[in-house]
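Beneath this line is the structure, given in structure tokens, with notes to follow.
The values are calculated or read from the model by the stated rules, or taken from the named source; none is laboratory data. Computed from a predicted model, the values in this text were never measured in an experiment. Glycine gets a Cβ as well: all are built from the backbone with ideal geometry, and neighbour counts include every protein chain shown.
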Amino acid sequence: MKKLHQQKNRSTAFTFLIAAIPRLSAAGDITLDEVTITSAPATSAVMVSEPQPTPKSSVAQEGIELLGGPAQTSVYAPLDLVPSVNYESSDPYGLSPTRNINIRGKSDFHVTRNIEGLPVAGIVGGTDLIDLENVGRFDVYRGGMPANQGLGMSNATGAVDQQLLAPREKFGVIGKQALGSFGFLRSFLRLDTGKLSETGTSAFISGSTTATDKWKGEGDISRENAMLGLSQQLGDRLKIDIDFVYNQFAGHTYRPLTYNQVQDLHHFADYDYNANLSGNSAADANYYDVNRSEYENYATLAKIDFKLAEGQHLIVKPYYWDSDGVIYSANGSNVQIWHQKNDNLGGVLEYQGNFGTHTNLVVGYWAQSMAPPPPPTDQTLNRVNADGSLSFNRRSTLAKIDPFLVNSPYFQLTETFGHTVVSGGLRYMDLGVPEMQYYKTAGLPNVPYDQIWAYNPTPDANAATSEKNYGEFLPNFGVRQQFNAEWSASASYGRRFGRPDWGPQASNYISNEAAFVAKGMTLQNLVDRVKPELSDQLDLSVSYKNGGFNVVSTLFGAKNQNRQVMVTDSSLGGLSYYQGTAKTTQYGIEFEADYQLNESLSLFGSATLASETYDEDTPTLAGGRSLATKGKQIPNTASTLFKGGLNYRWHDLTLSPVVKNIGRRYGDSAETQIVNGYTVFDLNASYHIWHDIRLSMSLQNVFDRQYVSQISANDFNLNNATAYYVGAPRTLAFTLSGKF
């Protein structure tokens, strides 16, 4: 492994794990027995669509293991076969934080990523917290959703919820060892104590260590993870579940391509950051070892369930998430260092009532405090020395921003009338944005953020904003009708919320402040142009289930308002800025199906035909010529997605080929940057050596196809600075796993 791995202690998680095993084992009488999974529904299907008024798609354990890949870390990878979901990454193992998913054509900026229904993730920073071996199910909401789901700063694109595997009732051990192309190596171990006879406590502890080289250029990626879960029943009424997670990440960055380079992909597919130093500081800003990121994350979440009466529960779910990271990236002739410290403290108080078999009521309140960034508060520009070290040039950003506050009450009522289920609810989203104050940075020294204030920096009068509250009502309504044992249908409506993106607006202003001031514009002028995005979603679904055959077909449509777009304004001398003025119309049809032909063979797949276009041309801030966007497709929106695969079992051997076809996309809203579609084949196989000991193989991109995977993450970028990332080449990995 290269320099970055040498700087990290790769045994953190396993040291923690091994040290704790003897204490857990001695805590009570433990007998080795069959491992039983208790927190996820028993199913062999890769994907499951639940028949409910507000539909959702779920990825079961078999799908997580199949699609999560050898690394089993990416929260996005297991969603790759869900209808209308397009997972994009340049990293074959899903470790790099440079990745994206699109849901019905919208980027992941407005995707809520939850764990056990809680937004245990910040807006900026951090990487995937949970090893997928500790996840029982992924739930994906693409349309409207119940009021108690999709809690988070933004759910305008959709919501992804990880349901964890609770501690098992019986003692068990799961171990994995994987290795593969590009120096990939991963070890994982989980120990479940079972229910201890003396205290009734059940617990698990797990740890993993993962490392790989980048598949192109120089550099590597490493990840350490440890997790502890506890479950305690106290009497007949009270149950407490607590999970603790530690995650450490360090990785070099993949270099994106320009559109011109994409036109000659055969020549530029391996293009990356410079492998060697030249001695020229400006050129060496693109040296690989000064383009990287490091994060250290801690998270705690709990669920306290108090049974008031039969069918009546009071639930308290507190959580805390901390990400401490730093990003190094080329910025012109300098290297920008961005220190990110993101703290999230919140909780949910919820009443759940089941009244007989016909009425279900949920009433709750979610509150959260989020310490910034965004926007950035602490950034410096640095020169590259001849030996690759960095020398401070100047401080580029300094700001004080108080925590953002969220208060969100909600309720959801579901009634069953024979074969008809009706559900409706309402959530009020109140997002409190604090005042932001930026400071003049000229002459300030290179000291930590908490020490810089001793030098009395001067407030920047042009770069300040006042505090503000954004409040929106988010209703939802759905109905489901079961016609007979095979056929059912549902219709649903829901409004979703997308927070304004203050970060790029503020950073863009600070970088071009002199030009904006010359035009008489302050940061407040620009921030006032950014509004919460609102998305009104309508879904009509029909499902058929007969024996081993299941199919769901969904027509969807949406009207989106206040979509944030970036424009380059010729009337302001070519300045770029963001504004929340765009309106779009979205519609399409989805299919998802699985078919269990017999005990040996099952098929699964999904298909999407979709469109999202701008309703009108985009006006500029200074009243100049409008940008011709009317009728144009949103960038990075594939109008066709076809994905599918099969599982074939023959004695102890299982083969699982998967194919994905992504249609043509555009890299800009003027539809001048055309990106061709592509088809990729993957092959997975596993062999049961003995009892629960298994050898698995993963072969990605079987035919070594060269293609553009990720298109710069932002679907609201109207300028021509789009970044393109090449998909990973053929990648082979093996995993030896065992359950005891």
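Of all residues in the range 267-296, those satisfying the criterion of being surrounded by fewer than 19 Cβ atoms within 10 Å (Cβ to Cβ), outside any loop (DSSP other than H, G, I, E, B) and hydrophobic (A, V, I, L, M, F, W, C) are Phe268, Ala283.
With respect to the conditions (1) within 20 Å of Arg142 (Cα to Cα); (2) at pLDDT 90 or above, Ile634 lacks only one, and its number is (2).
Ala299 passes every criterion in (1) surrounded by fewer than 21 Cβ atoms within 10 Å (Cβ to Cβ); (2) more than 20 Å from Trp338 (Cα to Cα) apart from (1).
Restricting to the range 224-278, name every residue that is free of Cβ contacts under 8 Å to residues at least 60 places away in the same chain and among the small types (Gly, Ala, Ser). Selection gives Gly235, Ala275, Ser278.
Hey, any hits in the range 439-452 for a residue that's surrounded by 19 or more Cβ atoms within 10 Å (Cβ to Cβ), touching an Asp or Glu at 6+ places or on another chain (Cβ under 9 Å), in a strand (DSSP E or B) and at pLDDT 95 or above? Scanning the range 439-452, I find at least one residue that is surrounded by 19 or more Cβ atoms within 10 Å (Cβ to Cβ), touching an Asp or Glu at 6+ places or on another chain (Cβ under 9 Å), in a strand (DSSP E or B) and at pLDDT 95 or above, so the answer is yes.
Let's see how each residue does on (1) over 22 Å from Tyr93 (Cα atoms); (2) among the small types (Gly, Ala, Ser); (3) crowded, with 22+ Cβ neighbours inside 10 Å:
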position	(1), (2), (3)
Ile115	no, no, yes
Leu129	no, no, yes
Tyr141	yes, no, yes
Gly144	yes, yes, yes
Gly152	yes, yes, yes
Gly183	no, yes, no
Arg186	no, no, yes
Leu196	yes, no, no
Gly207	no, yes, yes
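For the range 374-382, the condition holds for no residue, the condition being that it is at pLDDT below 95, part of a strand (DSSP E or B) and surrounded by fewer than 17 Cβ atoms within 10 Å (Cβ to Cβ). Going by the conditions given, is Met429 surrounded by 20 or more Cβ atoms within 10 Å (Cβ to Cβ), closer than 20 Å to Ser507 by Cα and touching a strand residue (DSSP E or B) at 6+ places or on another chain (Cβ under 7 Å)? No. Considering Gly347, Gly425, the condition of being under 30 Å from Asp450 (Cα atoms) and assigned to a strand (DSSP E or B) is satisfied by Gly347 alone.
Considering only the range 366-388, state which residues are within 13 Å of Gln336 (Cα to Cα) and not β-branched (Val, Ile, Thr). Answer for the range 366-388, where residues must be within 13 Å of Gln336 (Cα to Cα) and not β-branched (Val, Ile, Thr): Pro376, Asp378, Gln379, Leu381, Asn382, Arg383. Being under 30 Å from Val447 (Cβ atoms) and either crowded, with 21+ Cβ neighbours inside 10 Å or polar (S, T, N, Q) (or both) is a condition met by at least one residue of the range 348-370.
Under 7 Å by Cβ, and 6 or more places apart or on different chains, what pairs join a residue from the range 691-702 that is under 12 Å from Thr735 (Cβ atoms) and among the acidic types (Asp, Glu) with one that is modelled with pLDDT of 95 or more and buried (at least 16 other Cβ atoms within 10 Å of the Cβ)? From the range 691-702, no pairs qualify.
All of Val708, Val659, Val702 fail the test of being buried (at least 21 other Cβ atoms within 10 Å of the Cβ) and at pLDDT 95 or above, apart from Val708.
Checked across the range 459-466, the condition of being under 30 Å from Tyr493 (Cα atoms) and either touching a Phe, Trp or Tyr at 6+ places or on another chain (Cβ under 7 Å) or outside any strand (DSSP E or B) (or both) holds for no residue. The number of residues in the range 453-474 that are under 30 Å from Ala147 (Cβ atoms) and either surrounded by 14 or more Cβ atoms within 10 Å (Cβ to Cβ) or among the basic types (Lys, Arg) (or both) comes to 4.
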